[in-house]
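Notes for the one structure printed next.
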Amino acid sequence: MPSRSAVSRRKLLQGLAAGTAASSVSSAQTAPGVNKFSAPSKLKITDMRACTVAANYDYPIIRIDTNEGVYGLGEVRDAGVKGIALILKAHILGRNPLQIDNILRTIRPFAGQGRMGGGYSAVDMALHDIAGKVYGVPAWRLVGNKVRDRIRIYCDTTGHKDPKIYGQRMAVRKKEGFTFFKMDLYTSLVGGRPGAIHENGAATEKGLGYLCEYIAAVRDAIGWDAPLGADHFGRLSVNDSIRYAKAFEPYQLAWAEDFIPWQDWRGYKKICDATTTPILTGEDAFGLEEGFQDLIDNEAIDIIQPDPETSGALKETKRIGDYADKHGIPTVLHFAGSPVGCMASVHMACTLRNFVCMENHAVDMPWWQDLVTGPKKPIIQNGYIPVPDTPGLGVELNEEVVKQHLRYPGYFEPTPMYDDFIVSGFRRVGGWPHYDEDGKWTTRMTY
Ligand SMILES: [Mg+2]
């Protein structure tokens, strides 16, 4: 039989527990912005699944599920594959998705450059989607504060061998409401003209004159004062890049993009130092330390252009953008994916002080925005995307439309084949058998 003091102690504890529960429920119900249906400390990741939309590029979209029904959406870099995200599943199962920094630290070694940064980036987006929904705040609130209400968009425009027709196509963009422009200035545009291409593949001085005719025609169409970038020159040496950039100077481009591979910061420094044409790169780089720091620290670039679906999505791209800002370098965002990754990028971009504009590669695809519900339609309004204030990314998939455009059969099918570690199993069982300091065979962790 329990003693009197034990009974009263039990009653006291029961009363305290009841009081605690009652007060926490009432405060959760009354506190604005707190999701009373969620118990954040008990949240666990239970699954990661994916599907791939076949669009202008493939859009691999992931969904991270939890034990409380709340889930997050993310997207692997356009033209990437879902497997680069799914191989991370075993590393995040069972973990609290609100521990965003801890999870990202775990999976960072699996992030590579180009499309190989897409898995990490997709997971980052999905975690911010979950955390935003749980705390009842837009994803931008989790990485900073909003410094602008709308995101300026630029888009690509299909070129034409006839400069006049190219100019007309760019004029259509202006009519559509865009205020920032970019043209593809392939060296091959002038390939058919005698004496235009050197045997090394670069334009001769004569060929550069022809290329400038295209810029002049576009300038005449959109205005000589409108911001205009240029891209896709072909593979050039550093010296040829300098020749191109100097030839373009009278046209005051907003930037010339990706003259040489982004890893060659020394080459970029030589180009930047030799011309007044602003030089930009970065769409295939992941991470601040891994990708952008050398370019920024060495003043080797005028403008950076991370693609958030490669560079690390919200948290890492925010780090990159802020670091560039500290060094007086503006940030443009490359983007060619679905509205999921687009809106994730919008959330991040609205917190960057040095943000210039972001790309959209699907403005001519009528069903692009039908893939989702949530954002106000049209998603791009007069060349800008309004920043949402809805919780998480503020995007849900329109299942019916997504299913009409699947690359492979299956819509978020189970992924048990990814439940076990595939790339690295270092942390699978904890202490590995080894000899300890005393020479004894042990599984005790001593390191
Ligand atoms: Mg590019």
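Every number here is computed from the coordinates shown, using simple stated rules; none is lab data. The structure displayed is predicted, hence computed values, not measured ones. Here Cβ is always computed from backbone atoms with ideal geometry, including for glycine, and neighbour counts include all displayed protein chains.
Partners of LYS403 within straight-line reach, counting lysines whose Cα lies under 19 Å from its Cα and excluding those fewer than 8 residues away in the same chain: LYS82. Residues whose amide H falls under 5 Å from that of ASN398, counting only those 5 or more places apart or on a different chain, are VAL372, THR373, with hydrogens built in the peptide plane.
Farthest towards the positive end of the charge dipole of the range 330-399, among the residues VAL395, GLY383, SER338, is the Cα of GLY383, using unit charges on the Cβ of Lys, Arg, Asp and Glu.
Rounded to the nearest 10 degrees, the angle from helix 4-30 to the longest Cα principal axis of the chain is 30 degrees.
What separates the Cα centres of the range 191-239 and the range 132-185 is a distance of 23 Å. Per-residue 3J(HN,Hα) values for the range 206-214, derived from phi via the Karplus relation 6.51 cos²θ - 1.76 cosθ + 1.60 with θ = phi - 60°, read 5, x, 5, x, 5, 4, 5, 4, 5 Hz in sequence order (x marks Gly and Pro).
Put in order of Cβ neighbour count within 10 Å, fewest first, the listed residues PHE335, PHE248, PHE421 become PHE421, PHE248, PHE335.
Of LYS174/LYS206; LYS326/LYS377; LYS182/LYS376, which sit over 28 Å apart, Cα to Cα? Flagged as over cut-off: LYS174/LYS206; LYS326/LYS377.
Where both bridge residues fall in the range 143-392, DSSP classifies roughly 20% of the beta bridges as antiparallel. Put the Cα centre of the range 75-93 next to the Cα centre of the range 275-297 and the gap is 25 Å.
Close amide H contacts of GLY392 (hydrogens built in the peptide plane, cut-off under 5 Å, sequence separation of 5 or more or a different chain): GLY132, LYS133, VAL137, ALA139.
Annotation: lysines with alpha-carbon distance below 22 angstrom to LYS42 (same-chain offsets under eight excluded): LYS89, LYS133.
Taking Cα atoms, how many degrees apart are the long axis of helix 118-135 and the longest axis of the chain, rounded to 10 and kept between 0 and 90? Taking Cα atoms only, the helix is inclined about 50 degrees. Each residue of the range 301-309 was assigned a 3J(HN,Hα) from its phi angle through the Karplus expression (A = 6.51, B = -1.76, C = 1.60, θ = phi - 60°), giving 8, 8, 9, 9, 9, x, 9, x, 7 Hz with x at Gly and Pro.
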